[in-house]
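Undergrad: Here it is: the structure, laid out below.
The values are calculated or read from the model by the stated rules, or taken from the named source; none is laboratory data. Fair warning: this is a prediction, and the values are worked out from it, not measured in the lab. Every residue, glycine among them, receives a Cβ derived from its backbone with ideal geometry; neighbour counts consider all protein chains shown. Please note that ligands, DNA and RNA were not included when accessible areas were found on the heavy atoms of the full protein model with its side chains. Shrake-Rupley method; radii C 1.70, N 1.55, O 1.52, S 1.80 Å.
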Amino acid sequence: MDLKGRDFLTLKDYTPEEILYLIDLAAELKDKKKKGIVEQPLIGKNVALIFEKTSTRTRCSFEVAAHDLGMGVTYLDPTGSQIGKKESIADTARVLCTMFEGIEYRGFGQEIVEDLAKYSSVPVWNGLTNEYHPTQMLADMLTIKEKLGRLKGVKFVYMGDARYNMGNSLMIVCAKLGLHYTACTAKEYFPDKELVAQCEEWAKISGGSVTLTEDVKAGTKDADVLYTDVWVSMGEPDEVWAERIKALLPYQVNKAVMDNASKDAIFMHCLPAFHDLKTKIGKEIHDKFGLDEMEVTDEVFESEQSVVFDEAENRMHTIKAVMAATLGAYK
Ligand code: CP
Ligand code: NVA
């Protein structure tokens with residue numbers, strides 16, 4: 001499979017075969033890493049990592065993966081460059097692609113990363129925008145494959161804000177790969193109708209399905225995967241916390257939800273998560289709203305069914321696969 005030169009922006013333009021190829025390549029690279037096999041197929045190349053929002057997993061994954069592949073890395077932090085302030089995205093793209101073989105971008109509107117890709121002659125990888133988080137999808141699918149042994153036919157339930165980056169991207173990847181995707185949330189957090197229609201078309205071909213429901217009991221019944229994300233995303237104003245809590249608290253992933261799912265169900269979360277607000281993390285929200293837990297209870301997060309740290313580890317292996325494939329290291 002030749003993906004050399006391709007951007008990685010939404011997954012919409014990747015075929016199911018291409019997505020599965022990247023997941024399998026990541027599994028191979030993971031195996032090699034575990035065995036201590038060192039290959040540096042991209043030695044002498046360099047990548048730029050632009051982060052207009054903060055990150056732990058994505059940044060570390062790109063950096064470690066680039067080093068493992070033999071590449072140099074330049075990290076541009078949320079404040080330390082001219083991007084979008086003193087210099088347009090088009091000019092930035094044309095500068096960076098004279099020095100780097102690939103560019104990662106994390107930031108706000110999807111149009112920014114699309115613009116970067118349009119003006120850049122090297123692959124551009126979306127490290128998260130308001131609308132999409134495609135590299136996370138590969139890690140999530142690899143984790144499901146490892147834990148459940150299959151992707152097709154898996155009953156996947158997403159609870160929370162289903163119209164933002166995680167909800168959108170999970171619906172796309174599930175539809176493409178033949179999982180049964182359910183967004184179980186309040187109506188106002190249902191995904192965009194046009195995207196749903198597009199995903200339904202892909203699901204028809206893959207044998208998957210897309211369901212939107214407000215009914216927690218019916219929506220989570222016999223689920224294989226329960227997935228959630230923070231209720232307020234990076235860059236959203238603090239003022240939305242009150243309305244989010246009111247609307248989304250009924251869709252918290254807790255023991256009752258897990259008990260209603262399949263007995264072998266797994267719990268997933270892209271992280272970072274608000275599961276123990278009594279600690280320093282989230283204390284402000286705890287004091288303001290009197291809640292100890294948010295989108296997932298600590299009991300579920302810390303349970304045997306939770307695979308969140310395997311998922312986090314897989315970010316690195318899958319991001320490595322994306323860079324390796326689009327820079328032509330493996331075919
Ligand atoms: N899941 C994820 O993208 O984490 P970071 O924000 O830490 O990169
Ligand atoms: N929806 C979250 C995802 C974090 C990985 C955010 O955008 O902040």
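Undergrad: Cα to Cα, under 16 Å, and not fewer than 8 places away if on the same chain: which lysines meet these conditions relative to Lys32?
TA: Cross-link targets: Lys320.
Undergrad: Which of the peptides 126-138, 175-187 is most tightly packed, and how do the rest follow, going by the mean number of other Cβ atoms within 10 Å of each residue? The partial results should precede the final answer.
TA: Details: 126-138: 25.4, 175-187: 23.4.
Sorting 126-138, 175-187 by mean packing, highest first, produces 126-138, 175-187.
Undergrad: By per-residue mean of other Cβ atoms within 10 Å, what is the highest-first order of 225-231, 278-284, 207-213? Present the calculation step by step, with values, prior to reporting the outcome.
TA: On the way: 225-231: 25.9, 278-284: 12.9, 207-213: 18.0.
The packing order, highest mean first, is 225-231, 207-213, 278-284.
Undergrad: Over segment 1-55, give the accessible area per residue in Å² for a 1.4 Å probe, as an integer. If you can, show how the numbers build up before the last one.
TA: Working: 2730 Å² over 55 residues.
Averaged over the residues of segment 1-55, the accessible area is 50 Å².
Undergrad: Averaged per residue, what accessible area in Å² does segment 144-268 show with a 1.4 Å probe, protein chains only? Before the final figure, lay out each step's value.
TA: Details: 5100 Å² over 125 residues.
That works out to 41 Å² per residue.
Undergrad: Moving on. Take each of the peptides 315-324, 159-168, 59-68, average the number of other beta-carbon atoms within 10 Å over its residues, and list them starting from the highest. Intermediate results must be reported in sequence, preceding the final value.
TA: Numbers: 315-324: 26.2, 159-168: 24.3, 59-68: 20.7.
Ranking the peptides 315-324, 159-168, 59-68 by packing returns 315-324, 159-168, 59-68.
Undergrad: Right, something else. With a 1.4 Å probe and every protein chain kept in, tell me what percent of the accessible surface of the chain is carbon plus sulfur.
TA: Values: 7170 of 13890 Å².
With neighbouring chains kept in place, the figure for the chain is 52 percent.
Undergrad: To the nearest 500 deg cm²/dmol, what mean residue ellipticity at 222 nm is calculated for the chain from DSSP H runs of n ≥ 4 alone, each contributing -39,500 (n - 2.57), summed and divided by the residues?
TA: Details: 13 runs with 140 residues, N = 331.
Mean residue ellipticity, 222 nm, calculated: -12500 deg cm²/dmol.
Undergrad: Same structure again: Please state the charge dipole magnitude for the chain, taken about the Cα centre, from unit charges on C-beta atoms (+1 on K and R, -1 on D and E), reported in debye and rounded to the nearest 20. Intermediate values should be presented prior to the final figure.
TA: Numbers: 40 positive and 53 negative charges, 149 e Å.
Here the size comes out at about 720 debye.
Undergrad: Straight distance only, please: which lysines reach the Cα of Lys85 with their own Cα at less than 18 Å, same-chain residues fewer than 8 apart left out?
TA: Within the straight-line cut-off, Lys85 pairs with Lys53.
Undergrad: Please compute the modelled spin-label separation between Lys263 and Asp238, points set 7 Å along Cα→Cβ, answer in nm with one decimal.
TA: It works out to 4.7 nm between the two label points.
Undergrad: Sticking with this structure for a sec: Cα centroids of segment 114-158 and segment 169-244: how far apart, whole angstrom?
TA: 15
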